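One structure is given here, and the rest of the page talks about it.
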Amino acid sequence: MAGNGLAGSGAPGRAGALAADSPVAPDLLKADGVDRVHVDRFGYAAELEAFRASALTLGSALLADGGEGSAGNVVSSPGSLVIALAMLRAGASGETAAEMDEMLGFPVSNRDEAMNALLASLAGFDGDPGKVNARNPPRKPVMHAANGLFVNQNVPAGHGYLDTLARHFGTGVYPVDFADEAATKPAFDAWVDRNTGGRIKEAPGEYDHFTTFSLLNALFFAAAWRSPFDPGNTSEGSFTLGGGEEIRVPTMYQALELAYAEGAGWRAVDLPYADGFVMRLVLPAPGAGPDPLTAAKLAEIAAALDPAAAVFTQIALPRWDHKSSFDLREVLGSLGLDTTLTTTEGFDAIQPGLTITQAAQAASITVAEKGTVAAAVTRIDGMVTGVPPEPEQTIDFDRPFHYQIVHIETGLPLVMGMVMDPRPNWA
């Protein structure tokens, strides 16, 4: 990997530290001599709003897709997906880049800087998912975001792309041998397990030996409610299914001050966690649901709730514990990302001839009296197409050879020698 401008990182950052602790995880390599740029999020307000709008679009598409095996319940992470796509976009060019910007609504300029600011803002709540007690979520929220880029050790990644990852995403790459499933798949799964606190055990999607590039984002969230529900008040409450059937489910009850707003066909509240986050709960009007909300409707609700005043509210909320999985190629295809999903040229800055072969997401959430624990992993895989060019020459230093260390400007040979036997001669 030396040809990629990479160096082993002794302090790879939070995501790297979590992965490097695993006995099966490869070493994290980062762009040599490139430091993470610190940016002020207040300088990128318009770009951050564009990412928010993009996440609402992606969230609406995920809800409309519904996922696999969820029996109608859906939990997804547009936040994880927008971060993963931003990492992919950092290596896109030409028609592919233009399509991603247009269809996803990404910022036209300062995109990487704005994502850097977004990730830095989340980092204020970073923590180790493995130390969270899921039955007793922490008063100080844990919001752990991790990016992992696994590349085939024999297929170099672009210098500029690696530079951008280090400069604005604070991450590097894990060189692996995708042909060696026995070693590489456990490394993937260990990374996912550690960065989701064990809530997701395996990387979503299928393992493919021909993969040369796999991008992973993991989000883990755990937080206590600002005002926890009293378990003593939880009792069986009625819940009417979409088909009209009424069932009885454990329901939590509480009266407290909540930001409240309503509009045509909906009512909503923001239920606050102890710090930094809220759970936005939207109730369709009778007969108006439960169809997935459009991105425009989600934006309307956000615009109404963001400045809403708190009112004294009685809330009845069922407990839930759900999981979902998604084929993201279908989701992204529904948004018109046709070129992005088929190009063999648009990601040459990452790996020449790279094409996207798979995109998947897994997500889970548990909501109970004390708070919430949730996790998601997004995965985007690609492979280099075509036959790699044959080298013009092959040189194998498998017999005695001469060497020099030469000062280029003067031609002065500073060191010169012969290697007759590569073994140490002082042993």
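The values are calculated or read from the model by the stated rules, or taken from the named source; none is laboratory data. Since the model is a prediction, treat every value here as computed from it, not as a measurement. Virtual Cβ from ideal backbone geometry, glycine too; neighbours counted across all protein chains shown. With ligands, DNA and RNA removed, areas are computed over all heavy atoms of the protein, side chains included. Shrake-Rupley method; radii C 1.70, N 1.55, O 1.52, S 1.80 Å.
Remarks
- Using a probe of 1.4 angstrom and keeping all protein chains present, the accessible surface of region 108-220 works out to 39 square angstrom per residue.
- Note, ³J(HN,Hα) from phi for region 91-108, Karplus 6.51, -1.76, 1.60, rounded to Hz, x at Gly and Pro: x, 9, 8, x, 4, 5, 4, 4, 5, 4, 5, 6, 6, 9, x, 5, x, 6
- Taking packing as the residue-averaged number of other Cβ atoms within 10 angstrom, the listed peptides 255-264, 219-228, 37-46 run from highest to lowest as 219-228, 255-264, 37-46.
- Within the accessible surface of region 193-318, defined with a 1.4 Å probe on protein heavy atoms only, the carbon and sulfur portion equals 55 percent.
- Mean Cβ neighbour count within 10 Å, used as a protection proxy, ranking 363-376, 297-310 highest first: 363-376, 297-310
- Computed Rg/Rh of region 87-201, alpha carbon atoms with Kirkwood Rh: 1.02
- Region 229-298 shape via C-alpha gyration tensor axes, a/c threshold 1.5: oblate
- Alpha-carbon centroid distance for the pair region 135-167 / region 107-128, whole angstrom: 12
- Exceeding the 26 Å Cα-Cα cut-off - candidates Lys185/Lys370; Lys201/Lys297; Lys131/Lys370; Lys131/Lys185; Lys185/Lys323: Lys185/Lys370; Lys201/Lys297
- Of interest is the spacing of the C-alpha centroids, which for region 224-242 and region 264-343 amounts to 20 Å.
- Debye log10 I(q)/I(0) for region 257-348, one point scatterer per Cα, at q = 0.13, 0.14, 0.15, 0.16 Å⁻¹: -0.65, -0.72, -0.78, -0.84
- Neighbourhood net charge (15 Å Cβ-Cβ; Lys/Arg +1, Asp/Glu -1) for Asn233: -1
- Seen from a random direction on average, the alpha-carbon convex hull of region 182-264 projects onto 10.9 square nanometres.
- Highest average packing first - 114-124, 128-138, 243-253, Cβ atoms within 10 Å: 114-124, 128-138, 243-253
- Overall Cα dimensions of region 52-125, principal axis frame, Å, largest first: 40, 35, 18
- Derived scalar couplings between HN and Hα for region 348-360 equal 4, 5, 8, 8, x, x, 5, 10, 6, 10, 7, 8, 8 Hz in order, rounded to whole Hz, by the Karplus curve 6.51 cos²θ - 1.76 cosθ + 1.60 (θ = phi - 60°), x for Gly and Pro.
- Taking every protein chain into account, the 1.4 Å probe leaves Asp338 with about 90 Å² of accessible area, to the nearest ten.
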